[in-house]
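Asker: To start, I am sharing the structure in question, which I have written as structure tokens.
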Amino acid sequence: MGRPLKIQKSSTGSGNGGAAVSVDLGFPNFGSLTAPVVNTADTLNTTEYLGVVGGAAPTDTPSATNPRIDVTVNIANPSGTGIGVAQGYIIRQKGSHKYLVGDATGVNDGSFVVGQAYQISTVGTTTNWTAAGAPTNFGLGTIFTATSVGGAGNGAAFSVGVCVLDDDTTPAVGLMAITFTTGDSTATTISKLTNKFLLDWTGGSTYAATSVIADKRYATNFFTDEGTVIKSGTTASANTGTVTSGQQNLLDLAIVDNVTS
Amino acid sequence: MSAAFVLGNGVSRLLVDLNQLKQRGKIYGCNALYREFAPDVLISTDKGIAQTIQNAGYAQEHTMYTRKPLPGMGARTVPQTYFGFSSGPIAVAIAALDQHVAVYLIGFDMGPNASNKFNNVYADTEFYKKSSSLPTFTGNWIRQLVTICRDFPNTSFHRVMGDTTASVPELNNIANLRNMPISDLLDRINNTKDL
């Protein structure tokens, strides 16, 4: 599937007990490069970068320089019906079009659904997380499958599930949507997202090979939709004719919908 | 219902006196228009400017639509049918949903300015491209307007054509959309003729 989406997470000092530091916070920004090649419109500043990082709610806080991808999810619950369309976040990539995602609508202790996966969003002081199904070393961000509805504690969690990208901003059960913009404020859904590129649904709203090869590729980022960049491995010559789909030499930049706080 | 005026931010709309226009019908506008004029309905979909508008408290006092309103800030969610559309086309759709019989599109230039560059009243200001930038791709806007005209066959749409308004072949053969010279609109507004 190519290079998967980077997800921000913390390292505890290479296993030697050092302080936790965020890794994959963002790609090397242009200020840290010796001879950066920027987009043709030169609209990226020294703190910005090309590519996207998924972020990792609820343990990290997004910012203007390190946003989090904004996702619309409809996670399936154990009975097979959907939890409902809600704002969510990516936890990790599971396949070319498939992601482990969280539903940012909090579920309070006492309202867990047995068999449903959750990610702890508020540890609280009175919730018995192990009784609810969490491991003994639980903490903020721990993912567990509920074995009980919980109690009357003050902890909370986000529902977690696997969703597949869809060409619909109100996705059906088990599906999700991420949108991007390219300068005209139209929100277009993404069919595939890696840490460098996104593809739209130009070829058709299916994952059939005949459709996928015609999807238009964009260079992803969080900051600008002006100009183009050269796709690595291509001739870098101008796109011939009216290229609107498939592989291109020069990629338009696309801003992946994101949250910054 | 009476006429509605939907303001795009192409420079051709600068010829129109908005205060005078307001006497003749409901006004729908987009994005940075709020800096100088409060339309009856404001639509803003780009996250940066939409959040700035909401944080300024505008949506608490005025009607505003955006895709994902900030909690408690007063903005409304864009109708789901047109959720992914751009601000201008969404404004047209909401005017039609509000059951106006005649909807006038002013400043929907969809082409470059006189210098063949980015055509926007607010070029060179925050959240907007430089005036030296290339014109914005208009394919999505055209497709969205065609869809809206098809969705509201009983609404009469008038695209007001100024000096910088591009002729768009896809919009020229729609039964309920016609081009209207800006001189015609100004005559009707200035001389209080029927719309």
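Just so it is clear, none of the values below were taken in a lab; they were calculated from the coordinates. All values derive from a computational prediction rather than experimental measurement. Neighbour counts are summed over all protein chains in view; Cβ atoms, including those assigned to glycine, are modelled from backbone coordinates with ideal geometry.
Asker: In peptide B:35-41, what is the residue-averaged number of other protein chain Cβ atoms found within 10 Å of each Cβ? The partial results should precede the final answer.
Answerer: Details: counts 0, 0, 0, 0, 0, 0, 0.
The shielding value for this peptide is 0.
Asker: If the viscosity is 1.002 mPa s and the temperature 20 °C, what Stokes-Einstein diffusion coefficient in µm²/s follows for the range A:86-163 when Rh is the Kirkwood radius over Cα pairs?
Answerer: Numbers: Rh = 12.3 Å.
My calculation gives 174 µm²/s for D.
Asker: While we're here: Can you pull the one-decimal nm distance between simple spin-label points at A:Leu140 and A:Thr47, each 7 Å off the Cα toward Cβ?
Answerer: 2.2 nm
Asker: Moving to a separate point now. When the Cα centres of the range A:178-215 and the range B:128-174 are compared, how far apart do they sit, in Å?
Answerer: Result: 23 Å between the Cα centres.
Asker: Among the lysines, which fall within straight-line cross-link reach of B:Lys26, defined as a Cα-Cα distance under 20 Å, with same-chain neighbours fewer than 8 residues apart omitted?
Answerer: Partners within reach: B:Lys193.
Asker: Oh, and also: Among the listed pairs B:Lys47/B:Lys129; A:Lys6/B:Lys47; A:Lys98/B:Lys68; B:Lys47/B:Lys68, which are separated by more than 18 Å between their Cα atoms? Show your work: numbers first, answer last.
Answerer: Details: B:Lys47/B:Lys129 15 Å; A:Lys6/B:Lys47 23 Å; A:Lys98/B:Lys68 24 Å; B:Lys47/B:Lys68 8 Å.
Check vs 18 Å cut-off fails for A:Lys6/B:Lys47; A:Lys98/B:Lys68.
Asker: What list of ³J(HN,Hα) couplings, whole Hz, do you get for the range B:11-23 from phi and the Karplus terms 6.51, -1.76, 1.60, once you set θ to phi - 60° and write x for glycine and proline?
Answerer: 5, 5, 6, 5, 6, 9, 7, 5, 5, 5, 4, 5, 6
Asker: Suppose the chain between B:Asp187 and B:Gln60 were pulled fully straight at 0.36 nm per residue; how much longer would it get relative to their current alpha carbon spacing?
Answerer: On the way: separation 127, 0.36 × 127 = 45.72 nm, distance 3.55 nm.
Extra length from B:Asp187 to B:Gln60 when fully extended: 42.2 nm.
Asker: I would also like to ask the following. Ordered by packing density, taken as the mean number of other Cβ atoms within 10 Å over each peptide's residues, highest first, how do A:41-50, B:50-59 rank? Intermediate results must be reported in sequence, preceding the final value.
Answerer: On the way: A:41-50: 16.7, B:50-59: 18.5.
In decreasing order of mean packing, A:41-50, B:50-59 become B:50-59, A:41-50.
Asker: For chain B, what relative contact order do you get, as a whole percent, if you take Cα pairs closer than 8 Å and at least 6 residues apart? Kindly include the intermediate steps, with their values, before the conclusion.
Answerer: Details: 357 pairs, mean separation 45.5, N = 195.
RCO, chain B: 23 percent.
Asker: Another question about this same structure. Relative contact order, percent, of the range A:86-163 when contacts are C-alpha pairs under 8 Å separated by at least 6 residues?
Answerer: Numbers: 196 pairs, mean separation 30.8, N = 78.
Over the range A:86-163, the number comes to 39 percent.
Asker: For chain B, what does the alpha-carbon gyration tensor say about shape, rounded, prolate or oblate, given a ≥ b ≥ c as the root eigenvalues, a/c under 1.5 as rounded, and a/b over b/c as prolate?
Answerer: In terms of gyration-tensor shape, rounded.
Asker: Assign one of three labels to the range B:25-129, namely rounded, prolate or oblate, based on the Cα gyration tensor with a ≥ b ≥ c the square roots of its eigenvalues; rounded applies when a/c is under 1.5, prolate when it is not and a/b is larger than b/c, and oblate otherwise.
Answerer: On the way: a/c = 1.69, a/b = 1.17, b/c = 1.44.
Verdict is oblate for the range B:25-129.
Asker: Which whole number in µm²/s is D for the protein assembly as shown by Stokes-Einstein, with the Kirkwood Rh taken over Cα pairs at 10 °C and 1.306 mPa s? Can you show the working numbers first?
Answerer: Working: Rh = 24.0 Å.
Translational diffusion coefficient: 66 µm²/s.
Asker: Taking the Cα centre of the protein assembly as shown as origin and charging only Cβ (+1 Lys, Arg; -1 Asp, Glu), how large is the dipole, in debye to the nearest 20?
Answerer: Values: 30 positive and 32 negative charges, 100 e Å.
Dipole of the protein assembly as shown, to the nearest 20 debye: 480 debye.
Asker: Just to be sure I understand the model, the point goes 7 Å from the Cα along the line to the Cβ. What's the resulting A:Ser111 to A:Thr81 distance in nm?
Answerer: Label at A:Ser111, label at A:Thr81, 1.6 nm between them.
Asker: Additional query: Take the Cα gyration tensor of the range A:139-241, multiply each eigenvalue by 5, square-root it, and list the three semi-axes largest first, rounded to whole angstrom. The partial results should precede the final answer.
Answerer: Details: eigenvalues 270, 57, 35 Å².
They are 37, 17, 13 Å, listed largest first.
Asker: While we're on this one: Place a +1 charge on the Cβ of each Lys and Arg in the range A:96-234 and a -1 charge on the Cβ of each Asp and Glu, then give the dipole magnitude about the Cα centre in debye, rounded to the nearest 20.
Answerer: Working: 6 positive and 10 negative charges, 86 e Å.
Approximately 420 debye in magnitude.
Asker: While we're on this one: How shielded is A:185-192 by partner chains, expressed as the average number of their Cβ atoms within 10 Å of its Cβ atoms? Don't skip to the end; give the middle numbers.
Answerer: Values: counts 20, 13, 10, 2, 1, 0, 0, 0.
Mean inter-chain Cβ contacts per residue within 10 Å come to 6.
Asker: Now a separate question. Counting partner chain Cβ atoms within 10 Å of every residue's Cβ in B:139-147, what's the average?
Answerer: Details: counts 3, 8, 3, 0, 1, 2, 0, 0, 0.
Mean number of neighbouring Cβ atoms from other chains: 2.
Asker: Note down the relative contact order for chain A as a percent, whole number, built from C-alpha pairs under 8 angstrom at least six residues apart. Please list the in-between numbers first.
Answerer: On the way: 697 pairs, mean separation 50.2, N = 261.
Result for chain A is 19 percent.
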